[in-house]
1. Average partner chain C-beta neighbours within 10 Å, per residue of B:134-143?
2. Treating only the Cβ atoms of Lys and Arg (+1) and Asp and Glu (-1) as charged, compute the dipole magnitude of segment B:230-289 about its Cα centre; round to the nearest 20 debye.
3. Report relative contact order for segment A:111-341 in percent, whole number only (criteria: Cα-Cα under 8 Å, sequence separation at least 6).
4. About its Cα centre, how strong a charge dipole does the protein assembly as shown have in debye, to the nearest 20, once Lys and Arg get +1 and Asp and Glu get -1 at the Cβ?
5. Using just the alpha carbons, could you tell me how many Å³ per residue the convex hull of the protein assembly as shown encloses?
6. Enter the angle in degrees (range 0 to 90, nearest 10) between the Cα long axis of helix A:234-243 and the first principal axis of the Cα atoms of chain A, meaning the one along which they spread out most.
7. Helix-derived [θ] at 222 nm for chain B: sum -39500 (n - 2.57) over DSSP H runs of at least 4, divide by residue count, nearest 500?
8. Restricting to DSSP loop positions (anything but H, G, I, E, B) with no more than 14 other Cβ atoms inside 10 Å of their own Cβ, which chymotrypsin sites (Phe, Trp or Tyr not before Pro) remain in segment A:76-176?
Amino acid sequence: MRGVSDMTATSSEISQTESGPKANSIDRDDPATFPDWFRARKARSNLIVARWVPIVLVGLPVLVLFGIVVYPTIWMFYHSVHDTNMMRLFQGNWSYIGFENFATVLGSDRFWDSTVHLLQYLSFGACLQVVLGTVLALILFELVKNNALRTLILILLVLPMMMSPSIVGVLWKFLLTPSNGAVNQALLNLGLISKHIEWFNSGISLWSIIVADIWNWTALPLLIVYSGRVSLPPAVYEAAKVDGASGWQVMRRITLPMLKEVIAIAFILRFTDAFKFVDLVYIMTSGGPAQSSELPTYIAFQRGIREFAIGEAAAYAIIIFAISAVIITLFLKYLKRVLKAQGIA
Amino acid sequence: MAQVNLQNVNKIYRSGRTEVHAVQDLNLEINNGEFVALLGPSGCGKTSTLRMIVGLEEISSGDINFNGKRVNELEPQHRNVAMAFETYALYPNFTIEENLAFPLEVRGVPEDERRRKARDIAEILKLTSILDQRPGALSGGQQQRVSLGRALIRDPSVFILDEVMSHIDAHLKFQMLFDLKAIHRDLGKTMVYVTHDQVEALALADRVAVMSNAKLQQVGTRNELYNAPANVFVADFIGEPPTNFFQAEVSDNGGGLALKTKDGALVFHLTEHRAGKIRALGGRDFIVGIRPQNLRLKDSEGKSSAHTGSDVHDITASILINEYLGERSILTFANGDTKFRALVPPETRAAPGEAVTLGYRPEDVMVFDAQTEALID
Ligand SMILES: Nc1ncnc2c1ncn2[C@@H]1O[C@H](COP(=O)(O)OP(=O)(O)OP(=O)(O)O)[C@@H](O)[C@H]1O
Ligand SMILES: [Mg+2]
């Protein structure tokens with residue numbers, strides 16, 4: 001408190017030193033140390049309120065944050081090196097086993113299979129979404145010049161993203177039902193296939209999930225890139241026209257390079273989501289058949305929440321975290337380089 | 001190379017219910033290889049005119065022809081016009097060198113030739129030291145020069161330069177005006193140069209087109225604009241310090257026709273030719289204009305310092321202010337309620353309050369119709 005009154009109005013400081021004994025307390029006449037709105041409250045407890053309100057206001061969120069983020073994270077790291085399962089947890093007699101959980105995970109075919117699935121999902125799900133979203137956004141911007149029409153198309157394209165994943169999962173499960181699902185029916189009617197495709201068979205089920213996810217999430221990179229394109233300065237495009245650049249030259253040399261960081265952000269968002277991607281897997285295939293569409297996150301969920309192998313699930317979570325941290329860091333590094341090259345960061 | 005011809009060109013911006021008539025019935029013929037400056041105050045429609053020539057703005061009505069061929073519907077890419085933008089419009093993701101070379105790049109010019117040309121132009125515009133930087137890191141004047149360079153590096157039929165020196169310091173501007181003039185002489189290309197600085201316009205251009213209020217006021221050489229301004233606006237806009245104007249009426253007092261200011265304080269004698277014209281027009285109101293340069297102080301012996309010839313008339317006034325500007329001084333006079341200025345040599349010693357005699361020649365007196373503000377010549 002001393003510090004506060006030191007920094008504020010010097011006139012009140014002077015009057016305080018003159019009045020001697022009051023010098024070290026809060027000056028009730030000085031609005032800087034003692035806001036008016038305290039005065040309206042109970043006169044006695046003013047001092048306590050003035051001291052504790054800030055501490056409580058800052059402290060509560062910190063506590064909550066600690067409770068839901070920091071503590072569980074520590075808890076996870078702790079149990080990843082213990083043989084914890086549900087029964088041991090309740091009995092309180094888990095014991096330290098070093099990196100055995102990690103060894104189990106890394107030594108299992110299940111994990112490596114799921115990692116391959118994850119790579120498939122990243123390259124054909126997340127990446128394709130960004131590519132597709134970028135292409136759609138730029139086509140929409142360049143070809144549709146009518147504002148009302150643009151908005152309408154945007155809304156239609158964004159609709160899938162506004163559905164909850166569980167509904168999307170159920171919807172696509174219906175659409176892809178082999179015997180009488182809409183997709184097979186349509187393909188049959190068009191004469192593209194001669195018999196039903198078993199969409200949820202081993203080897204195909206992961207692709208079904210990826211298709212549903214593309215349908216669900218392509219709109220996000222689309223929106224990001226579209227808004228990025230809208231905010232590019234029109235004068236630059238006029239200059240390019242006058243300089244004689246063709247539409248394709250403008251796209252390749254000006255639009256795409258200027259959208260680099262925006263596209264990188266779209267990648268980061270889709271990639272971070274990829275490491276949390278459980279919902280459609282759970283609803284559409286439950287990782288099956290025979291674990292052929294499992295992703296590491298799904299296994300962590302399966303082992304931890306449904307089979308109570310808490311230590312092993314924690315090890316899974318940490319490994320996933322490590323992989324995602326590496327990939328996202330690479331993206332952020334790239335983003336920083338792009339921004340730096342433009343003199344922004 | 002091209003001859004550019006604008007016929008009855010109009011530009012009307014519509015947004016919602018408001019309409020801005022930015023360019024009105026503009027007729028302008030720019031000859032092959034000519035350097036024309038478009039001069040006018042802010043907001044008079046200069047940039048709008050340029051944007052229509054380049055093809056960035058739809059022409060509301062009228063025609064624009066290059067070499068007699070109508071180009072109204074031609075896209076900017078196909079008009080072969082180089083433009084330096086008022087707002088620079090540099091490519092933020094390119095280095096300065098890439099910015100300069102981009103017009104060549106899209107034309108498929110090989111890389112080493114691009115580099116060479118970019119370095120040549122950078123040399124002229126003093127940009128060599130910043131070729132590797134990006135536009136975001138440059139000062140306004142540097143960006144402006146890059147934008148000028150990006151236009152000059154090309155080999156177009158017409159150069160369009162929109163206020164390319166507004167952010168250049170006076171010292172560098174002097175050099176750049178010279179360089180630009182030399183470039184024009186070497187290339188012999190048609191150039192349209194927009195500015196609101198008459199010094200630039202008069203220094204560079206073969207002819208100057210003066211615009212005001214969306215309309216073209218007059219097109220002419222420096223001398224035409226200076227000695228026979230088409231109307232009060234041009235007379236006021238061209239010349240530093242601005243022309244002195246007086247509301248006047250005819251006073252015919254035996255000794256020939258003269259124009260007397262409304263308060264009767266000053267009388268201006270006219271040439272025979274003009275007096276005849278004014279007599280024919282009858283007793284309406286006129287505006288008299290006389291340039292500060294054409295009012296000369298008379299010394300104690302009654303001799304005007306620079307006016308030679310016999311026909312010099314006098315007016316008297318007292319000095320209000322003496323502004324010393326280095327290579328010249330501006331004196332402000334008052335005669336009754338009428339105030340006016342004269343340009344005098346810097347060594348002139350004149351104290352405020354002092355009454356002096358000024359000489360002028362009748363041929364320097366410009367007379368305008370008070371209604372239409374048009375010159376009576
Ligand atoms: N895109 C536009 N939409 C609506 N009005 C416009 C637009 N561009 C210009 N105007 C209006 O047209 C008039 C002429 O503008 P213009 O840019 O041609 O002026 P200018 O002579 O170039 O002025 P300056 O010297 O300030 O650059 C102005 O009144 C301006 O407000
Ligand atoms: Mg302008």
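1. 1
2. Here segment B:230-289 has a charge dipole of around 200 debye.
3. Details: 235 pairs, mean separation 65.0, N = 231.
28 percent.
4. The dipole of the protein assembly as shown has a size of about 1700 debye.
5. On the way: hull volume 242.3 nm³, N = 722.
Residue-normalised Cα hull volume stands at 336 Å³.
6. For A:234-243 against chain A, the angle is about 50 degrees.
7. Numbers: 9 runs with 93 residues, N = 377.
Helix contribution divided over all residues of chain B: -7500 deg cm²/dmol.
8. Answer by residue number: A:99.
Rule-based calculations on the coordinates, nothing more; no lab input. Model, not experiment: these values are computed from the prediction. Ideal geometry is used to build each Cβ from the backbone, glycine not excepted, and the neighbour counts take in all protein chains shown.
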